[in-house]
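Novice: Sharing a structure with you now.
Bear in mind these aren't lab numbers, they're just calculated from the coordinates by the rules spelled out. In this text, all values refer to a predicted model and were calculated from it rather than measured experimentally. For neighbour counting, all protein chains shown are included, and Cβ atoms are generated from backbone atoms with ideal geometry for every residue, glycine included.
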Amino acid sequence: MPVIESSFGAVWTATQESVRRTSELLVPVAAAFLFLPQLMLQLATGDTPPDQWFSGDRSAVIIAALLIVVGVSLVGQLVLTHIALRGGTGAEHTLGGVIAQSGGLALPSLAANLIQGIMVAFGMLLLILPGLWLLARFLLVVPIIVSGTRDPVEALKQSWSMTADNGFRILGMLLVLILGFLLISIAISGLGAAVGVIGAVASGEAADGWGIGRWAFELLSAAVSAAISVYWVTFIAMLFKALRLEAAR
């Protein structure tokens, strides 16, 4: 495979343009498949610490919520990838058709992501960097599946092939992206916490309850998480398009 010529800036610019151009589709998809599931998970877990999710009194409710969130979010990622790769739903598909098609790709995508996750987790045990490098090499699995490869193992092989000679460059792009998203998340979390406390105090409710303050914090957190996910998925799709274009030259 040729070494990718596109810089982070070029792929990021393409990402921003794609999000701007398809925003009318992205907003309802992100709301239904990313924002609402995260809010539902927060409602299901409440103030239960993560280490008690699978052993406490609410374990059955939390496990059911987790399964629903994972499934719905996965379909959402597939829909977002389809929109990013085609610049919309395409003349031959309605949004409902794209959602149905993405639902049919959920199982192979889940299988590929599980295999990917196991390999990346193993790499993380080897001083983190090998895991991040493996993440970069298998990053294109979802766009490959959306493009027509339904075999999860074949999708992993194609991602490995497409990222050959580009692994560390893609890793550098991911680190820049992750760092940027992390800084945004920290800033918004601080703002959300402040808004939550102010809302709780203004309404005379306990700061740790599910009153106006808590709702304001959770709504803002879910909205930011959904927005970051949209840009993350779109960035990967734009990187896939850049690599595919350069391989065809």
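Novice: Between VAL153 and LEU107, what is the spin-label point distance in nm, taking each point 7 Å from the Cα along the Cα→C-beta axis?
Specialist: Each label point lies 7 Å from its Cα, and together they span 1.7 nm.
Novice: Separate question: Would you please state the base-10 log of I(q)/I(0) at q = 0.09, 0.12, 0.16, 0.18 1/Å for the chain, with intensities from the Debye formula using one equal scatterer on every alpha carbon?
Specialist: One equal scatterer on each Cα of the chain leads to -0.44, -0.78, -1.29, -1.50.
Novice: Output wanted: per-residue J couplings in Hz (rounded whole) for region 40-51, from phi through Karplus 6.51 cos²θ - 1.76 cosθ + 1.60, θ = phi - 60°, x for Gly and Pro.
Specialist: Running phi through 6.51 cos²θ - 1.76 cosθ + 1.60 with θ = phi - 60° gives 4, 5, 5, 5, 6, 7, x, 9, 6, x, x, 6 Hz.
Novice: Kindly write out, for region 216-228 in residue order, the coupling ³J(HN,Hα) from the Karplus curve 6.51 cos²θ - 1.76 cosθ + 1.60 (θ = phi - 60°), rounded to whole Hz, with x marking Gly and Pro.
Specialist: 4, 5, 5, 5, 5, 4, 5, 5, 5, 4, 5, 5, 4
Novice: Name the residues whose placed amide hydrogens come within less than 5 Å of the amide hydrogen of THR163, ignoring near sequence neighbours (fewer than 5 apart) on the same chain.
Specialist: none
Novice: Would you mind pulling out the separation of the Cα centroids of region 99-138 and region 24-42, in Å?
Specialist: 22 Å
Novice: On to the next question. Where does helix 106-125 land angle-wise versus the long Cα axis of the chain, in degrees 0 to 90, nearest 10?
Specialist: Value to nearest ten degrees: 90.
Novice: Here's something else I'd like to know. Quick one: 3J(HN,Hα) in Hz for region 175-182, Karplus 6.51/-1.76/1.60 with θ = phi - 60°, rounded, Gly and Pro as x.
Specialist: Rounded to whole hertz, the list is 5, 5, 5, 5, 4, x, 5, 5.
Novice: Next question. How much mean residue ellipticity at 222 nm does the chain get from its helices, if each DSSP H run of length 4 or more adds -39500 (n - 2.57) and you divide by all residues, to the nearest 500 deg cm²/dmol?
Specialist: Rounded to the nearest 500, it is -25500 deg cm²/dmol.
Novice: Which is farthest toward the positive dipole end of the chain among SER221, TRP12, GLY117, measuring Cα position about the Cα centre, with Cβ charges +1 (Lys, Arg) and -1 (Asp, Glu)?
Specialist: Positive-most Cα among the choices belongs to TRP12.
Novice: Separate question: Quote the charge dipole size of region 1-94 about the Cα centre in Debye, to the nearest 20; the model charges only the Cβ of Lys and Arg (+1) and of Asp and Glu (-1).
Specialist: 160 debye
Novice: Can you tell me the dipole magnitude for the chain around its Cα centre, using point charges on the Cβ only (Lys, Arg +1; Asp, Glu -1), in Debye to the nearest 20?
Specialist: Result for the chain is approximately 620 debye, rounded to the nearest 20.
Novice: Could you sort the peptides 30-41, 121-132, 146-157 by per-residue average Cβ neighbour count (10 Å cutoff), highest mean leading?
Specialist: 30-41, 146-157, 121-132
Novice: With a/c under 1.5 counting as rounded, go ahead and sort region 52-134 into rounded, prolate or oblate using the C-alpha gyration tensor (a ≥ b ≥ c being the square roots of the eigenvalues; past the cut-off, prolate if a/b is larger than b/c, else oblate).
Specialist: Cα axes put region 52-134 in the oblate bin.
Novice: In nm, give the distance between the simple-model label positions of ARG244 and TRP160, each being 7 Å from the Cα along the Cα-to-Cβ direction.
Specialist: 2.1 nm
Novice: If you don't mind, another one. I need the calculated FRET efficiency for the pair LEU127 and LEU179, taking r as the beta carbon distance and R₀ as 25 Å, to the nearest 0.05.
Specialist: 0.85
Novice: How do the peptides 111-118, 179-186, 220-227 rank, highest first, by the average count of neighbouring beta carbon atoms within 10 Å per residue?
Specialist: For the peptides 111-118, 179-186, 220-227, the packing ranking is 220-227, 111-118, 179-186.
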